[in-house]
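The next block holds one structure in the form of structure tokens; read it before the comments.
The values are calculated or read from the model by the stated rules, or taken from the named source; none is laboratory data. Just so we're clear, the structure is a prediction, and the values are computed from it rather than from any experiment. So basically every Cβ, Gly included, is an ideal-geometry build from the backbone, and we count neighbours across all protein chains shown.
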């Protein structure tokens, strides 16, 4: 699965915000989550643009979640932080594989990737923040048969 460093950093940053009350400064997010500050700033701009995070400038400024953690999906954070979730590169447009569009296994991979993306959309920040023991179950059989949610 292609989860880039930036998407990992974005998820860590918003989970940190979800666990704090009030505004949090960029430096605090960066230091607490071990994210280079310049990269953290880039990611936070993307998250603000995606309306996942809200920012306020000035001495009392900082970042907060733009919505309740229950209404923000893990999938949306990963996609907004860097790019859309891609599980297998060979199913993307622009694939340079000689068998692109002719490979029977490509359809299986496409369905599997779609199932993972749907699962990540089901998970909320609150689910991860609260370490919920009852996370939605990933049903591999439903993905394989095309009957995922």
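Figures for the structure shown
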item	result
Residue check, residue 96 modelled with pLDDT under 90, surrounded by fewer than 16 Cβ atoms within 10 Å (Cβ to Cβ) and at negative phi	yes
Meets criteria (surrounded by fewer than 16 Cβ atoms within 10 Å (Cβ to Cβ), touching a residue at least 40 places away in the same chain (Cβ under 8 Å) and closer than 27 Å to residue 117 by Cβ) for residue 7	no
Test: residue in segment 74-93 that is at pLDDT 90 or above and either touching a strand residue (DSSP E or B) at 6+ places or on another chain (Cβ under 8 Å) or in a loop (DSSP other than H, G, I, E, B) (or both)	yes
Close pairs from segment 111-131: first over 19 Å from residue 68 (Cα atoms), partner surrounded by 16 or more Cβ atoms within 10 Å (Cβ to Cβ) and at pLDDT 85 or above, Cβ under 7 Å, at least 6 apart	117/75
Residues located in segment 17-44, provided they are under 15 Å from the mean Cα position of the chain (by Cα) and exposed (fewer than 13 other Cβ atoms within 10 Å of the Cβ)	none
